[in-house]
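Participant: For reference, the structure I am asking about is given below.
The values are calculated or read from the model by the stated rules, or taken from the named source; none is laboratory data. All figures in this text were calculated on a predicted structure; none of them were measured in a lab. We place every Cβ from the backbone using ideal geometry, glycine too, and count neighbours over all the protein chains shown.
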Amino acid sequence: MHSPKSFFLSKSQFTRGLQCHKSLWLLKNRRELQEKPDAALQARFDAGSKVGILAQKLFPNGVGLEYESGLSENIQKTRELISSGTETIYEATFRHDNVLAMVDILTKGENGWDMYEVKSSTDTKDIFINDTAIQYYVVKGSGLDVAKVFLVHLNKRYIRIGELDLQALFTVDDVTGQTEGRQHNIPHQLAEMRRSLEGSEPVIDIGQYCNDPYECDFKQYCWQHIPEHSIFDIAKLRTNRKFSLYYSGILKLQDIPADFSLSDSMQIQVEAELTGREFINKRKIREFLTHISDPVGFLDFETFMEPVPSFDCQRPYQQIPFQYSLHISENGNITHCEFLGEPGIDPRPVFIEKLLEDTGTCRTILVYNQNFEVTRLREIAADFPEFTEGIESIITRIIDLMIPFRNKDYYVKEMSGSHSIKYVLPALVPELSYEGLNIADGEMAMLAYANLYQIESAEEKNSIRRDLLAYCRLDTLGMVKIWEKLVSLTRPKGQLSLF
């Protein structure tokens, strides 16, 4: 039997334990059940590491410790560096109470040693104080006095012009008081975690903590008893209300009590799932279609974002359009235009020049989720004012094809409560599918484009470009087919024209 103190914990394991003891136990005992990070999550991890390394330049001439050297060696090396008068250490490593802490930046300040925790977010969040609190506990417990604790994050208001300005890119917040305020809880929290680790798998039911503050990577295991099409699939039903049903023993849609209030939209979803009924409001659809005039453009953007801006007039995590697809229907004839930026070069000026040219003849421009495209266009107008007039002319012609589906004017159970095109398209046009595409969603497209500049093989680069174009083209072709489906529903028998 382990003694409670024998359970070694890292900073990330401690914060995991704060979220759920069962998750911590599974990590220590059943790691094979852990879901591997997908490409998007791994990219966020990698971006966070790059931001951490960049932040070290705020405190130049420090000595960095390598994780590969081993924890024991790094703990000893940290002691030696401190004793020898080194004033800045990156990844300074400490152990106390059998908890490991690696401080992003430890530096000698005016009143003693200061700790800096680096985050790739654009705000100081309360959950980050759990990180600084356990680090402070370990460092202080190791015998080093800490004068101040700071949290370093990206400045969302920073706009790059010319060379990267590190002082402007980063914001440094003093979180000493908040960090010290959590110290009295830590011994109790550690004791509770270790007690749970001493026994068998904790009996902890699923709850809101499965996704808050982070989605747990053991969720697939813990949620395996949840059936397909359960109360958790009801769109826009608040999470606490879903769990109130669950804790009452209600999982299946057919078991929802009659007196449990659901909005009209939720009731449509539930009824469609249980009965297979199709909900089609032809009057509302016909009214929507009256606002659409030929020639019609069907437009979709793809964007990428990065924590550290690469281009002038770019902010941290600003969504930069790098690609569009445009199908145009005129007198029943369909043509197609597209654009894909060159990696490593700001795509926005060429993107908007070509878009203004390609959409010139369109009287209506249909997009799917208008807020996204309009916001991106307005950002380009703000960053490149010379295009403002042309961009406004595009915006005034935009209509959101999502409207009939968001309003449940057209709903079938295959949409699974969603009005996303990824659900609407296969429900209405099953012959079109994203399956089989090498790039099958926006996140994959973003990652593929962001990594293009690192690829040396021209053949591989061209292959990825073809995959990007094929994915975006399917989005707008899908919009054409969805629109045609709506028109066919409302067209009088014998009328062939779409207008």
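Participant: Restrict the check to the range 110-118 and report whether at least one residue is touching a His at 6+ places or on another chain (Cβ under 8 Å) and over 19 Å from residue 16 (Cβ atoms). Even if it seems obvious, please write down each step before you answer.
Facilitator: We begin by selecting, within the range 110-118, every residue touching a His at 6+ places or on another chain (Cβ under 8 Å); these are 118.
Then drop every residue that is not over 19 Å from residue 16 (Cβ atoms), which leaves 118.
Yes, some residue in the range 110-118 is touching a His at 6+ places or on another chain (Cβ under 8 Å) and over 19 Å from residue 16 (Cβ atoms).
Participant: Which ones in the range 214-234 are assigned to a loop (DSSP other than H, G, I, E, B), over 18 Å from residue 26 (Cβ atoms) and modelled with pLDDT of 95 or more? Show your work before the answer.
Facilitator: Step one: list which residues in the range 214-234 are assigned to a loop (DSSP other than H, G, I, E, B), which gives 214-218, 223-229, 234.
Restricting the remaining residues to those that are over 18 Å from residue 26 (Cβ atoms) gives 227-229, 234.
Across the range 214-234, the qualifying residue is only 234.
Participant: Kindly provide the set of residues from the range 386-420 that are part of a loop (DSSP other than H, G, I, E, B) and over 20 Å from residue 476 (Cα atoms), ordered by number. Spell out the reasoning first.
Facilitator: Step one: of the range 386-420, the residues part of a loop (DSSP other than H, G, I, E, B) are 396-397, 401-402, 407-409, 412, 416-420.
Across the range 386-420, the qualifying residues are 407, 408, 409, 412, 416, 417.
Participant: Among residues belonging to the range 433-454 that are over 17 Å from the mean Cα position of the chain (by Cα), among the hydrophobic types (A, V, I, L, M, F, W, C) and buried (at least 16 other Cβ atoms within 10 Å of the Cβ), point out the one that is nearest to residue 345 (Cα to Cα).
Facilitator: 452
Participant: Moving on to the next point. Which one is surrounded by the most Cβ atoms within 10 Å (Cβ to Cβ), of the residues in the range 356-376 that are in a loop (DSSP other than H, G, I, E, B) and within 27 Å of the chain's Cα centre (by Cα)?
Facilitator: Going through the qualifying residues, I end up with 368.
Participant: Among the residues that make up the range 421-442, is at least one of them in a helix (DSSP H, G or I), of a type in the set (D, E, K, R), at pLDDT 95 or above and closer than 30 Å to residue 360 by Cα? Let's see the steps before the verdict.
Facilitator: Kept after step one, since they are in a helix (DSSP H, G or I), are these residues of the range 421-442: 421-428, 442.
After this cut, where a residue has to be of a type in the set (D, E, K, R) as well, the list is 422.
So of that shortlist, the ones also at pLDDT 95 or above come out as none.
No, the range 421-442 contains no residue that is in a helix (DSSP H, G or I), of a type in the set (D, E, K, R), at pLDDT 95 or above and closer than 30 Å to residue 360 by Cα.
Participant: Let me ask something else about it. Do you know which residues across the range 331-349 are modelled with pLDDT of 95 or more, surrounded by 14 or more Cβ atoms within 10 Å (Cβ to Cβ) and not basic (Lys, Arg)?
Facilitator: 336, 337, 338, 339, 340, 341, 346, 347, 349
Participant: Still on this structure: Scan the range 426-435 and give yes if some residue there is in contact (Cβ under 8 Å) with a residue 40 or more places away in the chain and of a type in the set (Phe, Trp, Tyr), otherwise no.
Facilitator: Yes, the range 426-435 contains at least one residue that is in contact (Cβ under 8 Å) with a residue 40 or more places away in the chain and of a type in the set (Phe, Trp, Tyr).
Participant: Sticking with this one: Among the residues of the range 377-386, is there at least one that is within 15 Å of residue 303 (Cα to Cα) and surrounded by fewer than 18 Cβ atoms within 10 Å (Cβ to Cβ)?
Facilitator: There is at least one residue in the range 377-386 that is within 15 Å of residue 303 (Cα to Cα) and surrounded by fewer than 18 Cβ atoms within 10 Å (Cβ to Cβ).
Participant: Right, something else. Which count do you get for residues in the range 443-472 that are outside any helix (DSSP H, G or I) and in contact with a strand residue (DSSP E or B) (Cβ under 7 Å, 6 or more places away or on another chain)?
Facilitator: 0
Participant: Of everything in the range 248-266 that's among the hydrophobic types (A, V, I, L, M, F, W, C) and modelled with pLDDT of 95 or more, which residue is farthest from residue 410 (Cα to Cα)?
Facilitator: Here the residue is 250.
Participant: Follow-up question, since we're still on this one. Under 7 Å by Cβ, and 6 or more places apart or on different chains, what pairs join a residue from the range 475-490 that is of a type in the set (D, E, K, R) with one that is surrounded by 24 or more Cβ atoms within 10 Å (Cβ to Cβ)?
Facilitator: Correct list of pairs: 475/300; 475/325.
Participant: Would you mention how many residues in the range 235-259 are in a loop (DSSP other than H, G, I, E, B) and touching a His at 6+ places or on another chain (Cβ under 9 Å)?
Facilitator: Qualifying residue count, the range 235-259: 2.
Participant: Still on this model: Among the residues of the range 316-330, count how many are out of contact with any His (no Cβ under 9 Å at 6 or more places or on another chain) and buried (at least 19 other Cβ atoms within 10 Å of the Cβ).
Facilitator: Final tally of qualifying residues: 8.
Participant: With (1) at pLDDT below 95; (2) exposed (fewer than 15 other Cβ atoms within 10 Å of the Cβ) as the list, and residue 83 as the residue in question, which single condition is left unmet?
Facilitator: (1)
Participant: Against the conditions (1) more than 23 Å from residue 191 (Cα to Cα); (2) in contact with a Pro (Cβ under 6 Å, 6 or more places away or on another chain), where does residue 111 fall short? Just the number, please.
Facilitator: Looking at each condition in turn, residue 111 falls short on (2).
Participant: Of the conditions (1) in contact with an Asp or Glu (Cβ under 8 Å, 6 or more places away or on another chain); (2) at pLDDT 95 or above, residue 379 clears all except one; give me its number.
Facilitator: Of (1) in contact with an Asp or Glu (Cβ under 8 Å, 6 or more places away or on another chain); (2) at pLDDT 95 or above, only one is false for residue 379: (1).
Participant: Shifting gears a bit: So residue 338 passes all but one of these: (1) assigned to a loop (DSSP other than H, G, I, E, B); (2) touching a residue at least 60 places away in the same chain (Cβ under 8 Å); (3) of a type in the set (D, E, K, R). Which condition number does it fail?
Facilitator: It fails just one condition, (1).
Participant: Quick one: count up the residues across the range 41-91 that are touching a residue at least 40 places away in the same chain (Cβ under 8 Å) and hydrophobic (A, V, I, L, M, F, W, C).
Facilitator: 8
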